[in-house]
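Report on the structure given below.
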Amino acid sequence: MFNLILFGPPGSGKGTQSERLIARYGLKHLSTGDILRSEIANQTTLGMEAKSLMDRGELVPDEVVIGMISAALDNNPQAKGFLFDGFPRTKAQSEALDKLLAQRNEAINVVLALEVTEEELIKRLLNRGLTSGRSDDNNEAVIRARIQEYHKKTSAVADHYQVFNKVVGIKGEGTVDDIFNALCEEIEKRMAA
Ligand code: ADP
């Protein structure tokens, strides 16, 4: 199995690159943001509870997303590997993920961290808000709150995996193709190792 975390702040291009990476490597895409949005669309209790937090740019509770990921791992026993997108987002989520994988004799192989300036992030997210229909993308205050949450809670995820030498920074600005190629190069190095 090959298990990859695509890491980076909101707007860094995780969704775009995830689509291409899963197509190339046959990984199962697990995006907690997408799962939460589908819960909202289906008006589940979980979705209704998550919506107000998401609309404010805050994180949903760790136990909620950890439960979602645990279920997704159980539901995909045949997967060749997983691409985690938007998860883990806190130190507690990282520790929980490591445990869930260890129970399956698996681990994270690499954390690819997309690096994008804050100015560019805000520009991209406001732009995405024009067409995405995502209520958290069309308000600059909410976008700034999400970036704040990232600095306050999510950057710790990189620190957690840095200890195990698993983090590789990738410049997230330039063409989608160039960024994709840089990601593939790192993945293939690790797959061969
Ligand atoms: P983005 O990366 O553009 O912020 P996501 O689609 O990954 O978008 O997430 C949207 C929102 O969903 C987040 O702002 C947060 O409220 C919630 N969310 C997604 N993943 C997690 C997570 N792992 N832990 C807590 N909250 C999450």
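Values in this text are rule-based calculations from the coordinates and carry no lab data. All figures in this text were calculated on a predicted structure; none of them were measured in a lab. Reconstructed Cβ throughout: ideal geometry from the backbone, glycine too, with neighbour counts over all protein chains shown.
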Taking LYS80 and the conditions (1) in a loop (DSSP other than H, G, I, E, B); (2) away from the ligand (no atom under 14 Å from the Cβ); (3) under 16 Å from VAL65 (Cβ atoms), which numbered condition does it fall short on, given that it satisfies the others? (3)
Among residues of region 31-51, those that are more than 12 Å from the ligand (Cβ to nearest atom) and either of a type in the set (Asp, Glu) or within 16 Å of the chain's Cα centre (by Cα) (or both), counted: 0
Please go through region 142-164 and give me each residue that is hydrophobic (A, V, I, L, M, F, W, C) and more than 13 Å from the ligand (Cβ to nearest atom), ordered by number. ALA158, VAL163, PHE164
Determine if region 84-96 includes at least one residue that is in a helix (DSSP H, G or I), more than 11 Å from the ligand (Cβ to nearest atom) and not hydroxyl-bearing (Ser, Thr, Tyr). yes
Within region 1-30, residues among the basic types (Lys, Arg) and more than 12 Å from the chain's Cα centre (by Cα) come out as ARG20, ARG24, LYS28
Among the residues of region 57-75, what is the count of those that are of a type in the set (A, V, I, L, M, F, W, C) and either under 14 Å from the mean Cα position of the chain (by Cα) or near the ligand (Cβ under 7 Å from one of its atoms) (or both)? 6
With ASN139, ASN105 as the choices, which residue is within 25 Å of ARG24 (Cα to Cα), among the polar types (S, T, N, Q) and out of contact with any strand residue (DSSP E or B) (no Cβ under 8 Å at 6 or more places or on another chain)? ASN105
Just checking, does region 60-68 include any residue being touching a residue at least 40 places away in the same chain (Cβ under 8 Å) and either part of a helix (DSSP H, G or I) or surrounded by 15 or more Cβ atoms within 10 Å (Cβ to Cβ) (or both)? no
Answer residue from region 41-54, given it is in contact with a helix residue (DSSP H, G or I) (Cβ under 7 Å, 6 or more places away or on another chain) and either touching a residue at least 12 places away in the same chain (Cβ under 8 Å) or over 21 Å from ASP137 (Cβ atoms) (or both) and is surrounded by the fewest Cβ atoms within 10 Å (Cβ to Cβ) among those: LEU46
Which of the residues belonging to region 6-25 are aliphatic (A, V, I, L, M) and either loosely packed, with under 14 Cβ neighbours inside 10 Å or more than 12 Å from the ligand (Cβ to nearest atom) (or both)? LEU21, ILE22, ALA23
Of the conditions (1) within 11 Å of the ligand (Cβ to nearest atom); (2) over 16 Å from GLU186 (Cα atoms), the single one that LYS28 does not satisfy is (1)
Per the filter on region 81-129, residues free of Cβ contacts under 8 Å to residues at least 24 places away in the same chain, among the charged types (D, E, K, R) and closer than 27 Å to ASP55 by Cα are GLU119, LYS123
